[in-house]
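Trainee: Structure incoming, see below.
The values are calculated or read from the model by the stated rules, or taken from the named source; none is laboratory data. Treat the numbers as computed from the prediction; the structure is a model and nothing was measured. Cβ: placed from backbone, ideal geometry, glycine included. Neighbour counts: every protein chain shown. Ligands, DNA and RNA are excluded from the accessible area calculation, which covers all protein heavy atoms including side chains. Shrake-Rupley method; radii C 1.70, N 1.55, O 1.52, S 1.80 Å.
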Amino acid sequence: MPISPYLNGERFDPEDKRVLGVAFEMVCIALRIGDSDDGVKQAIATKIIDLAKAGERNPDTLCEQALKDIRRPLPQLQAALVSWRPLHFHNHSHVCVPQAPFA
């Protein structure tokens, strides 16, 4: 899967484009995105491009770091998850609800 359509004007030499494309394909396969919309693919490509602009050129490392960053919960999500607490019912089932409204 080529990364070229997602470079947004960023310039890389042909070998670097090949490496970025390999990392891009590895991440797409790992996340099983298949025919996901271009927004998902653009987000993945942007992450890989940012890592490459910082100097990384190993496709395995680009893939691993991109996956790590993509899978990391956003700080807002982490805060929201911490604020959830279970409500207990008489039948001992429970459901989680937020303790405070979301911002």
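Trainee: Can you name the residue in the stretch 1-55 that is surrounded by 13 or more Cβ atoms within 10 Å (Cβ to Cβ) and basic (Lys, Arg) and is also nearest to the chain's Cα centre (by Cα) among such residues?
Mentor: Lys47
Trainee: Restricting the search to the stretch 32-64, which residues are assigned to a loop (DSSP other than H, G, I, E, B) and not hydrophobic (A, V, I, L, M, F, W, C)? Spell out how you get there, then give the answer.
Mentor: The first filter runs over the stretch 32-64 and keeps only residues assigned to a loop (DSSP other than H, G, I, E, B), leaving 32-37, 54-58.
Residues satisfying the conditions are Arg32, Gly34, Asp35, Ser36, Asp37, Gly55, Glu56, Arg57, Asn58.
Trainee: Would you please list the contacts, defined by Cβ atoms under 6 Å and residues six or more apart or on different chains, that run from a residue in the stretch 38-67 that is within 11 Å of Asp16 (Cα to Cα) to a residue that is open to solvent by less than 50 Å² (accessible area, probe 1.4 Å) and of a type in the set (A, V, I, L, M)?
Mentor: Ala52/Leu20; Glu56/Leu62; Arg57/Val19; Pro59/Val19; Pro59/Ala23
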